[in-house]
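K.L.:
Pasting in a structure now, in structure tokens, and then I'll have a few things to ask.
The values are calculated or read from the model by the stated rules, or taken from the named source; none is laboratory data. Note that the structure is predicted; figures quoted are calculated from it, not measured. So basically every Cβ, Gly included, is an ideal-geometry build from the backbone, and we count neighbours across all protein chains shown. Please note that ligands, DNA and RNA were not included when accessible areas were found on the heavy atoms of the full protein model with its side chains. Shrake-Rupley method; radii C 1.70, N 1.55, O 1.52, S 1.80 Å.
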Amino acid sequence: MRRDTFLKSLAALAAAGALPNAAWAANNIKMMIPANPGGGWDGTGRALGEALRDAKVADTVTFENKGGAAGAIGLAQFYNASKGDPDALMVMGAVMLGGIITGKPPVSITQLTPIARLSTEYNVFVLPANSPFNTMKDVVEALKKDPGSIKWGGGSRGATEHIAAAQIAQSVGVPAAKINYVPFRGGGEAVAAILGGNVTVGGSGYSEFQQYIESGKMKAIAVTSGQRVKGLDKIPTLKEQGIDVEIGNWRGVFGAAGLTPAQRDALTQRVIKATQSKAWQDALVKNNWTPALLTGKAFDEFVDKDFSALRATMVRAGMV
């Protein structure tokens, strides 16, 4: 077979998702992480990259971090630079949907190609070790007296921890509009602010705070799940403490704009194979992530539904 004919055949098979793992491995995956290093999106993207290599559906994975505006800056760059690229992925999740609702950026997630929901994670609220507070009850009492005195630190405006803070305030009779929320572009910045005492209480996924909680540098005071999370049994829920708030976070990946159905299917299959790898299973355990794989039409419908639900929640909380 002539070389040019062979290459054309190979390209056609790749587009149809019909190549074996060995052929996929010739491709490099380009992973956009629309957040600064050290956060949940960063951890998810790099864990997925390792899993793609472990599953032998990618030979190499390159990463680019572009934080800011709840992922909107990275989203715009990914949209403009990756159109039609079947080997490009962008990490995203509930935080990005919240940021789109509040920030109304020029590029929306609807302009990309949905690939998969990967995991869910509940938020944990923490205090620095030297905080005069020890429980969420202590924080709430101070919040009631002077809402502005409590600085809530977390992800970008519209992040799930921002929504949770607003809901906590509402549930104890404090107008959500009065909370003093300090957004950060990445988990590393938020951690530094918490450890430095620049915010009163911080919120994020447990994986971002784990090493600091275990070393005693942070005190975990609440988790946003309905009941205690396996592996985090020592952290009480908000509901246990008389605060009727439950909210979860999820993370997933989207492909570039303009992919054909065959290209979407092929990329989805690579991600599915990655989630079946030992590397991904190890990452789930290490980070206390709950597996929540969802692809295809079901994922499309989930994103639409969650977007609507988040908007309704944020309207009730006075955030939009």
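K.L.:
Take the stretch 165-198 and flag every residue that is over 24 Å from the mean Cα position of the chain (by Cα), buried (at least 16 other Cβ atoms within 10 Å of the Cβ) and over 18 Å from Glu246 (Cβ atoms).
P.N.:
The answer is Val174, and nothing else.
K.L.:
Kindly establish whether Ser82 is surrounded by 20 or more Cβ atoms within 10 Å (Cβ to Cβ), among the hydroxyl-bearing types (Ser, Thr, Tyr) and over 30 Å from Met218 (Cβ atoms).
P.N.:
Criteria met by Ser82.
K.L.:
A follow-up question, please. Can you tell me which residues in the stretch 172-203 are outside any loop (DSSP other than H, G, I, E, B), modelled with pLDDT of 95 or more and not hydrophobic (A, V, I, L, M, F, W, C)?
P.N.:
Matches in the stretch 172-203: Asn180, Tyr181, Gly202, Gly203.
K.L.:
I would also like to ask the following. Which of the residues belonging to the stretch 29-46 are among the aliphatic types (A, V, I, L, M) and modelled with pLDDT of 95 or more?
P.N.:
Within the stretch 29-46, Ile29, Met31, Met32, Ile33 qualify.
K.L.:
Can you find, within the stretch 49-75, the residue that is farthest from Pro86 (Cα to Cα) among those that are open to solvent by 30 Å² or more (accessible area, probe 1.4 Å) and assigned to a helix (DSSP H, G or I)?
P.N.:
Ala69
K.L.:
Out of the residues in the stretch 236-245 meeting the condition of being touching a strand residue (DSSP E or B) at 6+ places or on another chain (Cβ under 8 Å) and open to solvent by 10 Å² or more (accessible area, probe 1.4 Å), tell me which one is nearest to Glu121 (Cα to Cα).
P.N.:
Filtering first and then ranking leaves Pro236.
K.L.:
For the stretch 135-164, how many residues are buried (at least 19 other Cβ atoms within 10 Å of the Cβ) and in a helix (DSSP H, G or I)?
P.N.:
Residues flagged as buried (at least 19 other Cβ atoms within 10 Å of the Cβ) and in a helix (DSSP H, G or I) within the stretch 135-164 amount to 9.
K.L.:
Across the stretch 258-315, what is the number of residues that are in a helix (DSSP H, G or I), open to solvent by less than 30 Å² (accessible area, probe 1.4 Å) and hydroxyl-bearing (Ser, Thr, Tyr)?
P.N.:
So the answer is 3.
K.L.:
What about Trp250, is it among the aromatic types (Phe, Trp, Tyr), open to solvent by less than 40 Å² (accessible area, probe 1.4 Å) and not in a strand (DSSP E or B)?
P.N.:
no
K.L.:
Could you give me the residue pairs with C-beta distances under 6 Å whose first residue belongs to the stretch 138-162 and is modelled with pLDDT of 95 or more, whose second residue is crowded, with 24+ Cβ neighbours inside 10 Å and in a strand (DSSP E or B) wherever it lies, and which are 6+ apart or on separate chains?
P.N.:
That search, which allows pairs on different chains as well, returns Val139/Val201; Trp152/Val201; Gly153/Gly202.
K.L.:
Would you say Arg46 is open to solvent by 10 Å² or more (accessible area, probe 1.4 Å), of a type outside the set (S, T, N, Q) and touching an Asp or Glu at 6+ places or on another chain (Cβ under 9 Å)?
P.N.:
Against the criterion (open to solvent by 10 Å² or more (accessible area, probe 1.4 Å), of a type outside the set (S, T, N, Q) and touching an Asp or Glu at 6+ places or on another chain (Cβ under 9 Å)), Arg46 does not qualify.
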